[in-house]
Amino acid sequence: MLKWTILIYFLINIFFNNWIYALPNSTIINREGIKLLPAIVKNGKVFIQPFDGVNKEKFFYLLGNDGKMYDLEIKIKDVKEYKDINWGYGDNKAILLVGKLPQLPNGYLVASGDRSKSILKWYQAEIIDQKEKDFESETYISKDDSYGLKKQIIYNISATIRDKLYFASYRKLKIDQQSCDPKSYKETIGIIIGDGTGKAILNSFTDCDGQPKGIKNNYFPIGPILGTLEIKDKFKKEIWIVTEGQGYEVTGIAFIQYFPYSSFNKNRYNFISTDGL
């Protein structure tokens, strides 16, 4: 058992280290050379993690939760540890950015690249309903096939998506601890269509221990929805759902391209890792 645990841990680290500061699989973003970076905003200051070439980049923009983009510049180029910053698992190293305004709104992402302002638009998710049950109990919000619904958050993002979005967590009604079903737990990003029915856009599974099995096929770190990112140029428009990325011993931000009525394709998913064990 220990051998398999070590092997899974090793594979996960390889998998996620290749995703650090990955961009959404967007032809527009990749053509324009734009980077999307997780951000922490504290007291009007913006913190990002370092990346190759960060000190050569001249254009930084905070995607504010008020729907506006704010010009930023590097205040302190050196990577420092900040006691009130935590990317996850105790990592507090960052580069400090400041804006032209003394007060900045909250935000989750910073974009770098001179065309970011003309191509990107951010819409924050508005929570309109939230329900949750204790995961250790045998009570559920509802039951669907072999799963019980333990948590559901419903969102409205009317500016870009007509349907309501939801994030949900499920637990199998019967979990065999000995065989450790690789689909014991399920998390879902989906839409609620006109009649109130939920339709999954992406399902992510873990086993009875909360660990991923079959990583490439059915494990995608996701979490509650933060908002949507609209990417648009003269000829094309893309919408990406942006969520917290909560996975097995890893944290970050996930991007899921919005194609609600077609089958999911893993090329429509990207993960930016901020930290992991």
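Given the criterion in contact with a Phe, Trp or Tyr (Cβ under 6 Å, 6 or more places away or on another chain) and assigned to a strand (DSSP E or B), identify the matching residue among 191, 128, 153.
Answer to the check: 153.
Report yes if residue 140 is in the same structural domain as residue 229 (by TED's automatic domain parsing) and in contact with a Lys or Arg (Cβ under 7 Å, 6 or more places away or on another chain), otherwise no.
When the stated conditions are applied, residue 140 passes them.
Would you confirm whether or not the stretch 89-109 contains a residue that is touching a Ser or Thr at 6+ places or on another chain (Cβ under 9 Å) and either of a type in the set (A, V, I, L, M, F, W, C) or under 30 Å from residue 28 (Cα atoms) (or both)?
Within the stretch 89-109 (the criterion being touching a Ser or Thr at 6+ places or on another chain (Cβ under 9 Å) and either of a type in the set (A, V, I, L, M, F, W, C) or under 30 Å from residue 28 (Cα atoms) (or both)), the answer is no, since none of the residues qualifies.
Taking the criterion of being in a loop (DSSP other than H, G, I, E, B), modelled with pLDDT under 85 and either exposed (fewer than 13 other Cβ atoms within 10 Å of the Cβ) or in contact with a helix residue (DSSP H, G or I) (Cβ under 7 Å, 6 or more places away or on another chain) (or both), would at least one residue in the stretch 31-53 satisfy it?
yes
Residue under question is residue 159, and the condition is that it be assigned to a loop (DSSP other than H, G, I, E, B), out of contact with any Gly (no Cβ under 7 Å at 6 or more places or on another chain), under 28 Å from residue 31 (Cβ atoms) and of a type in the set (Gly, Ala, Ser); does it hold?
yes
Which residues, taken from the stretch 33-82, are closer than 21 Å to residue 245 by Cβ and polar (S, T, N, Q)?
49, 65
Consider residue 259 against the criteria (1) loosely packed, with under 15 Cβ neighbours inside 10 Å; (2) in a strand (DSSP E or B): it satisfies all of them except one. Which criterion is unmet?
Among (1) loosely packed, with under 15 Cβ neighbours inside 10 Å; (2) in a strand (DSSP E or B), the lone unmet condition for residue 259 is (2).
Tell me whether the stretch 115-124 contains one or more residues that are surrounded by 12 or more Cβ atoms within 10 Å (Cβ to Cβ), of a type in the set (D, E, K, R) and not in a loop (DSSP other than H, G, I, E, B).
Yes; the residues of the stretch 115-124 include at least one that is surrounded by 12 or more Cβ atoms within 10 Å (Cβ to Cβ), of a type in the set (D, E, K, R) and not in a loop (DSSP other than H, G, I, E, B).
The values are calculated or read from the model by the stated rules, or taken from the named source; none is laboratory data. Values in this document were obtained by computation on a predicted structure and should not be read as measured data. Every residue, glycine as well, gets a Cβ built from its backbone with ideal geometry; the counts of neighbours run over all protein chains shown.
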